Amino acid sequence: MSDVTDRLEVSVEDQTFRFTPRDVVSRREALSLKGASQVGDEVVLERSDPRATLVFEQSGGILVHGIARPEVAKLVAREALLRLGHQEEGLMMESGPILLGFRTGRSIISSVAISRLNEASMNNDLGAIEIAATRFGGTIILFPSGRGFVFGMNSRRIGELAIHTYLEILGEEGALA
């Protein structure tokens, strides 16, 4: 680890998981769950403990948002299936894009970062640098305070590699204070 990333702290903030049950859950069934509502073609259920959003897709899949750990997301999906009287056996899971939060422990000199890094641009709505990390499959948002987010990448390891790579480049270019 280099001195540029020695104070780096990374955490998984959110990940999307798609569960495909053996038996398709109909919209009518999903709407029978307490608190469920129809939004377009899908049924949405907001949970509070653990905090999560379940989306029952028209295709029969169940998306779980707001949970970072796959085993917890699976428990949430299994519970919904059991409440509906469906079998949990044969439940298939796919992991979707991940949202990472990080702190560099260093300040970012935005003007230097934008002028010296081709992939970087200023996102004026956020007041942050937006790095199009296309070779890693996602985007990095980096605030002048050194706080940042990575989204669109498929795994924590790829996200961490992207963060390390761009922090090394920004360090070499003199954009870290």
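FYI, it's all coordinate maths here, none of it is from the lab. The shown structure was predicted, so the numbers you read here are calculated from the model rather than taken from an experiment. Cβ sites come from the backbone with ideal geometry, for glycine too, and all protein chains shown count toward neighbours.
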Difference of contour (0.36 nm per residue) and Cα-Cα distance, S107 to R135: 7.6 nm
Fluctuation leader among V112, V25, V43 - the chain, Gaussian network, Cα springs under 10 angstrom: V112
Residue-span extension gain [R83 to N123] - 0.36 nm each, minus C-alpha spacing: 10.0 nm
Which labelled figure in [x] 9, 27, 26, 18, 11, 5, 3, 1, 0; [y] 10, 40, 36, 13, 1; [z] 10, 33, 23, 19, 13, 3 is P(r) over Cα pairs in 10 Å bins from 0, in percent, once derived from the coordinates: [z]
Estimated FRET transfer efficiency (E172, A68; beta-carbon r; R0 45 Å; 0.05): 0.90
Residues of segment 59-84 with amide N under 20 Å of a point placed 7 Å along Cα→Cβ from E94: 59-78, 81
Tail fraction, Cα-Cα pairs, segment 1-81, threshold 19 Å, whole percent: 40
Estimated [θ] at 222 nm from DSSP helical runs (n ≥ 4, -39500 (n - 2.57)) normalised by residues in the chain, nearest 500: -7500 deg cm²/dmol
Spin-label pair S48/R28, simplified geometry with 7 Å Cα→Cβ offset, distance in nm: 3.1
